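The values are calculated or read from the model by the stated rules, or taken from the named source; none is laboratory data. Note that this is a predicted model, so its numbers are computed, not measured. Every residue, glycine as well, gets a Cβ built from its backbone with ideal geometry; the counts of neighbours run over all protein chains shown. Accessible surface areas use protein heavy atoms only, side chains included; no ligands, DNA or RNA. Shrake-Rupley method; radii C 1.70, N 1.55, O 1.52, S 1.80 Å.
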Amino acid sequence: MKRVLVVDYSQSGQLSEIAAQLIAPLRDDGHVVHRETLVPVEPFPFPWPIVDFVDAMPECVQLDAPPLKPLSIDADADFDLVILCYQVWFLSPALPITAFLHSTEGKRLIGGKPVVTLVACRNMWLSAQETMSRLITEAGGTLCDHIALTDSGHPLATFVTTPRWVLTGKRDRFLGLPPAGVAPEEIRAARRFGQALAAALDRNDETTGQPMLSGLRAVTVNPRLAISERAGRRAFGVWSRLIRAFGQRGSWQRRPILLVFSLYLIVMVITVVPSSLLLQWLLSPLLKSRLEGLRARLELPSGSQAFNLEKYDQSR
């Protein structure tokens, strides 16, 4: 019997559903799972008022997270495995998970422990995961596996459906576009990761530092999106520093520059991102080897292979 700490934060409830699917097989196998849901001192709204949403960008990018309410467990509690479930805000980890990783308690809980990360988002999570990997390493943890579940809709469709969900709370079909978020069947299929982790814990595989979720299609990377993410990350870095120069989060002095940033963001989404993807598609024959190498690197450590899918039958 092993002890597993699951840390999560979910605004819409989608990530909580996925975490529940992952946890169930661990408990069924007799492992003790403590689920710690992070609670900010000042709750973040959902759906987001648009001003509050944009106003959160600078602190997300600069990793300047507000405090959390005290955890329900002692920071000296010992676990064999830690699973961090997080959202992506502005190509960065959501502020509550950043706050946890920056906190003394969070560092003590994951220090010296194998860590699995789980993200559920629209489709751009690579920059956020790079940040998560760095923060985990700085806290003394070892990242063993990563799971990424994304909206399967066309990227251009999700540019409409995801903001609608975030700003209105509505995720149903809209203007002929599919519902926003991770598909229900993908959420149910997340159970396979819990099955594989339970089996790995039975074999003490968590002590090896090697991936435990290989062959389960845990991560699928579109390398073209990685290039767009890097450009967006650089732009957010510039804008975040500029906006913070006008005042703290929530201050009225920020409002004018936030309006300018919002207009920039709309223009970028409508023009720059589609143009970048089109250009990469046109140049794909020339970029093929580079993109494949980038894909292989970014899919580490768990990978997109599917050789273990039948072993961990998703219907069980």
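Among (1) under 25 Å from the mean Cα position of the chain (by Cα); (2) open to solvent by less than 50 Å² (accessible area, probe 1.4 Å), where does R295 come up short?
(2)
Write out, first by first residue and then by second, each pair whose Cβ atoms fall under 7 Å of each other, whose residues are 6+ apart or on separate chains, and whose first residue, in the stretch 147-166, is buried (at least 19 other Cβ atoms within 10 Å of the Cβ) while the second is part of a helix (DSSP H, G or I).
That search, which allows pairs on different chains as well, returns I147/F193; L149/I18; L149/E186; D151/T158; D151/T162; G153/T161; V166/F53.
Out of S276, S302, S251, report the one residue that is out of contact with any Phe, Trp or Tyr (no Cβ under 6 Å at 6 or more places or on another chain), of a type in the set (S, T, Y), touching a residue at least 40 places away in the same chain (Cβ under 8 Å) and open to solvent by less than 30 Å² (accessible area, probe 1.4 Å).
When all the criteria are applied, what remains is S302.
Counting only residues that are open to solvent by less than 10 Å² (accessible area, probe 1.4 Å) and closer than 17 Å to I83 by Cβ, how many does the stretch 207-216 have?
2
Would you be able to say whether some residue in the stretch 281-293 is hydrophobic (A, V, I, L, M, F, W, C), out of contact with any Phe, Trp or Tyr (no Cβ under 9 Å at 6 or more places or on another chain) and within 18 Å of N123 (Cα to Cα)?
yes
Can we say L135 is under 22 Å from A20 (Cα atoms) and crowded, with 20+ Cβ neighbours inside 10 Å?
no
Taking the conditions exactly as written (part of a helix (DSSP H, G or I), under 30 Å from T142 (Cβ atoms), out of contact with any strand residue (DSSP E or B) (no Cβ under 8 Å at 6 or more places or on another chain) and of a type outside the set (G, A, S)), does E310 satisfy them or not?
No: the conditions fail for E310.
Which one is nearest to the chain's Cα centre (by Cα), of the residues in the stretch 254-273 that are within 14 Å of V54 (Cα to Cα) and open to solvent by 80 Å² or more (accessible area, probe 1.4 Å)?
Filtering the stretch 254-273 for residues that are within 14 Å of V54 (Cα to Cα) and open to solvent by 80 Å² or more (accessible area, probe 1.4 Å), the one nearest to the chain's Cα centre (by Cα) comes out as I266.
So, I50, is that one in contact (Cβ under 8 Å) with a residue 40 or more places away in the chain, closer than 19 Å to D205 by Cα and of a type in the set (A, V, I, L, M, F, W, C) or not?
So I50 fails the test.
Please note which helices (runs of 4 or more DSSP H) are completely contained in the stretch 209-283 and include at least 1 residues that are modelled with pLDDT of 85 or more.
Filter on the stretch 209-283 gives 223-244, 255-267.
Return yes or no: is E206 touching a residue at least 24 places away in the same chain (Cβ under 8 Å), acidic (D, E) and under 30 Å from L156 (Cβ atoms)?
no
Scan the stretch 101-108 and tell me whether some residue there is over 25 Å from Q305 (Cα atoms) and either among the acidic types (D, E) or modelled with pLDDT under 95 (or both).
So far as the stretch 101-108 goes, yes, one or more of its residues are over 25 Å from Q305 (Cα atoms) and either among the acidic types (D, E) or modelled with pLDDT under 95 (or both).
Exactly one condition in (1) assigned to a helix (DSSP H, G or I); (2) within 17 Å of Q87 (Cα to Cα) is false for M124; which is it?
(1)
Kindly evaluate A190 against the criterion of being aliphatic (A, V, I, L, M), surrounded by 21 or more Cβ atoms within 10 Å (Cβ to Cβ), under 18 Å from the mean Cα position of the chain (by Cα) and modelled with pLDDT of 90 or more.
Judged against the criteria, A190 is a match.
Restricting to the stretch 83-104, count the residues that are over 15 Å from the mean Cα position of the chain (by Cα) and either of a type in the set (K, R) or within 30 Å of P47 (Cβ to Cβ) (or both).
2
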